[in-house]
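**Student:** Pasting in a structure now, in structure tokens, and then I'll have a few things to ask.
The values are calculated or read from the model by the stated rules, or taken from the named source; none is laboratory data. This structure is a prediction, so every number in the text was calculated from the model and none was measured. Neighbour counts run over all protein chains shown; Cβ positions are idealised from the backbone, glycine included.
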Amino acid sequence: MANMLDEMNDPILEDGRDVNVIAKKIPVEKSTSAVVLEVVLWCAGIIPGIIYHICKINAGNYFKQLEQKLQHDASQIDNYLEQRVVILTNAAKLLDKAIDLDKDTFSKVAMYRSGNHTDDAARNEASMACDGISRSINVAVEKYPELRAHSEIADAMQQNGYLQKEITAAREVYNDTVNTWNREIFVWPVKQNVAAKNGYTTRIPFATSTEIKEKAREVLF
């Protein structure tokens, strides 16, 4: 049998293809076959029915533990975001007399310092706002070369770069957990049955902004 995909001869995408994260939550629907299976197991005897019931309890506990891991992973992102806001605040104060920063954007980011984010969208918005302010500061430093020699500014921007890498790593960990959740809630029959009963939906992973994607395409060197 020939290979279904041939990287040497099959059609290729000369211009490439851009991909985006779809901000849509898919609910889990109860499987009719899973319900029939449960009925059959109970009809087959008390022991098969009890075993299936225990499996559902275990699945429910598994999802609760997975939700706690999602909370932990999200909290890690919050911690790094808060530290980054503090660093950018300090850098902005040092540059305040030299440049005109976007005060409105900065005030919005400052609201996230409490760490009390309502959902993933708010957390993602805070991260992208930090990226925007960081770019503004970098542009300002480029316009005023004498600021590069300022040790406190240089240190702040170095810490900002470090925290951005940590946020990226923390988001990757979170996205891995989201992937596990999105996969497990559809595992037939027990997990899917439990997920549908509890009204679970898929979760949306973190995504970068269109502005960042466009920036990545630019020639930086």
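**Student:** Any residue in region 119-130 that is in a helix (DSSP H, G or I) sitting within a Cβ distance under 8 Å of a residue that is of a type in the set (D, E, K, R)? List the pairs, counting only those 6 or more apart or interchain.
**Tutor:** Close Cβ pairs satisfying both conditions: 120/203; 123/78; 127/171; 128/211; 129/108; 130/84.
**Student:** Another one. Against the definition (modelled with pLDDT of 80 or more, more than 16 Å from residue 73 (Cα to Cα) and among the aliphatic types (A, V, I, L, M)), how does residue 185 come out, yes or no? Quick ask: steps written out before the conclusion?
**Tutor:** Numbers: modelled with pLDDT of 80 or more: yes; more than 16 Å from residue 73 (Cα to Cα): yes; among the aliphatic types (A, V, I, L, M): yes.
So residue 185 passes the test.
Listed here are the residues, each with its yes/no results for (1) β-branched (Val, Ile, Thr); (2) in contact with a Ser or Thr (Cβ under 9 Å, 6 or more places away or on another chain); (3) at pLDDT below 85.
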{"residue": "103", "(1), (2), (3)": "no, no, yes"}
{"residue": "118", "(1), (2), (3)": "yes, no, yes"}
{"residue": "128", "(1), (2), (3)": "no, yes, yes"}
{"residue": "140", "(1), (2), (3)": "no, no, yes"}
{"residue": "154", "(1), (2), (3)": "no, no, yes"}
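**Student:** Given the criteria more than 16 Å from residue 189 (Cβ to Cβ), of a type in the set (A, V, I, L, M) and surrounded by 10 or more Cβ atoms within 10 Å (Cβ to Cβ), does residue 70 qualify?
**Tutor:** Yes: the conditions hold for residue 70.
**Student:** Next up: Right, residue 19: without any contact (Cβ under 8 Å) to a residue 40 or more places away in the chain, within 22 Å of residue 179 (Cα to Cα) and of a type in the set (A, V, I, L, M, F, W, C) or not?
**Tutor:** So residue 19 passes the test.
**Student:** Among the residues of region 152-191, write down those that are among the aliphatic types (A, V, I, L, M) and either surrounded by 20 or more Cβ atoms within 10 Å (Cβ to Cβ) or in contact (Cβ under 8 Å) with a residue 12 or more places away in the chain (or both).
**Tutor:** Within region 152-191, 153, 156, 157, 163, 167, 170, 173, 178, 185, 190 qualify.
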